[in-house]
Amino acid sequence: MEDLKRMAVFVAVVEQAGMSAAARRLDMTPSAVSQHIRQLEREAGVTLLHRSTRQLALTDAGQRFYVQCAQMCEAAARARAELDAERQEPGGELRMSAPAGFAPHAAPALGSWLARNPALRLRLLMDDATIDLIQARVDLALRFGTLADSNWVARHLGRSATLLCASPKWLAAWQAERGKPPLHPSELAQAPWLDLARKDHARVDLNWRHGPSGESFSLQALPQMVSNHRATVQQFCEAGLGVAVLSAHDVAASLREGRLVRLLPQWDMGQLDIWAVTPQRDAQPAKVRQAIEVLRAYFARLEGVQADGMP
């Protein structure tokens, strides 16, 4: 590495036509510059520069050496320019992972940004399994819920309320049998539960807090249907096959259009945090920085998501 530094100093001396001018350009002392040149000549066993009190002149060997060293410096400058451009403008491949439930949001969230940056290529890995960002060479991961401890860097994008939902058909059948809608979570102990689960747990743990009274209630239920795919659980719920805990941003349209209704609206089931996760904090390329801000802006305007000031 010291040889490369000496070659760069040699190029600066030739292009600046003097030790002092090169020293000013490199923010070095003239004696340090002279020492680098002497070391190059000593190691090569040839004279590279004829020195006089007024000027420097290249020897034949020095001229040939300068051409090669100048090409090396130009290549290094181009490499640095590539890095600087990467920091300023998004380009190359962005490898992003997201849960399968993000599929309906992917194009609305990222499509316009991708179209504005033709030098950018997006590889979107949709998988509900948690993957190792380093091993999978992922630049950015979208994660929902509570994050496991890791050395990765998480940026908060917003949060979505957790809602208990059923179809109007299911609720009508319940009311026809009991004469009223469910008013307390305990009434749903024997309901047909539909659950989003990624592990083989037999039961689902449910927790509520009653807003007006502050009462807390917990329930363990054995789901009639379990899937690792969020959209599938929602489809079963909309078909009237049971009750499900779903995220507000996923069901906002279905609630608005009457395909689903919210049960126990006075009982809070908590919030689902939304995160952008990267392998490192510093020196993020433009494609990662911009993708995070594009996602943050998308979730901020998405119905059912609450944006906040968390970092």
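Taking the longest Cα principal axis of the chain as reference, the axis of helix 168-178 is set at about 30 degrees.
In a Gaussian network model over the chain where Cα atoms closer than 10 Å are linked, find which of 270, 211, 242 has the largest mean-square fluctuation. Maximum fluctuation in the GNM of the chain, among the listed residues, is at 211.
Any idea of the accessible area per residue across the stretch 1-157, 1.4 Å probe, to the nearest Å²? Don't jump to the answer; show the numbers that get you there.
On the way: 9520 Å² over 157 residues.
In whole numbers, the stretch 1-157 has 61 Å² accessible per residue.
Using Cα atoms only, what is the angle between the long axis of helix 2-16 and the major principal axis of the chain, expressed in degrees (0 to 90) to the nearest 10? Between the helix axis and the principal axis of the chain, the angle is about 60 degrees.
Based only on Cα atoms, what mean projected area does the convex hull of the stretch 88-179 have, in nm²? Display every interim value, and only then the final one.
Details: hull surface 37.2 nm².
Its average projected convex-hull area is 9.3 nm².
Rounded, prolate or oblate: which fits the stretch 160-229 when a ≥ b ≥ c are the square roots of the eigenvalues of the alpha-carbon gyration tensor, with rounded for a/c under 1.5 and prolate only if a/b beats b/c? Working shown, then result.
Numbers: a/c = 1.82, a/b = 1.19, b/c = 1.52.
Oblate.
If you sort 5, 169, 287 by accessible surface, 1.4 Å probe, largest first, the order is 169, 5, 287. In this simple spin-label model, placing a label point 7 Å from the Cα along the Cα-to-Cβ direction at both residue 46 and residue 25 gives a separation of 2.2 nm. Ranking 229, 36 by solvent-accessible area of protein heavy atoms (1.4 Å probe, all protein chains present), from largest to smallest, gives 229, 36. Comparing the stretch 1-118 with the 2.2 N^0.38 Å rule of thumb, its C-alpha radius of gyration ratio is 1.73 (two decimals). Dimensions of the stretch 98-256 along the principal axes, based on C-alpha atoms and rounded to the nearest Å, stand at 61, 33, 32, largest first.
Each of 37, 134 has its accessible area taken with a 1.4 Å probe; listed largest first, they run 134, 37.
Can you pull the percent of the stretch 1-75's accessible area that's carbon plus sulfur, 1.4 Å probe, other chains left in place? All intermediate terms of the calculation are to be shown ahead of the outcome.
Numbers: 2360 of 4750 Å².
Of all accessible area on the stretch 1-75, carbon and sulfur atoms account for 50 percent.
Summing +1 for each Lys or Arg and -1 for each Asp or Glu among the other residues whose beta-carbon sits under 12 angstrom from that of residue 138 gives 0.
Between residue 257 and residue 190, what is 0.36 nm times their sequence separation minus the Cα-Cα distance? Round to one decimal in nm. Display every interim value, and only then the final one.
Numbers: separation 67, 0.36 × 67 = 24.12 nm, distance 2.79 nm.
Taking residue 257 through residue 190 to full extension adds about 21.3 nm, to one decimal.
Between the stretch 227-256 and the stretch 114-190, the C-alpha centres lie 11 angstrom from each other.
Surface composition of the stretch 155-290: carbon plus sulfur atoms contribute 49% of the solvent-accessible area (1.4 Å probe, protein chains only, all chains present).
The values are calculated or read from the model by the stated rules, or taken from the named source; none is laboratory data. Just so it is clear, the model here is predicted, and its values are computed rather than measured. Using ideal geometry, Cβ is built from the backbone for each residue, glycine included, and neighbour counts are taken over all protein chains shown. Accessible surface is based on the protein model in full, side chains and every heavy atom, while ligands, DNA and RNA are left aside. Shrake-Rupley method; radii C 1.70, N 1.55, O 1.52, S 1.80 Å.
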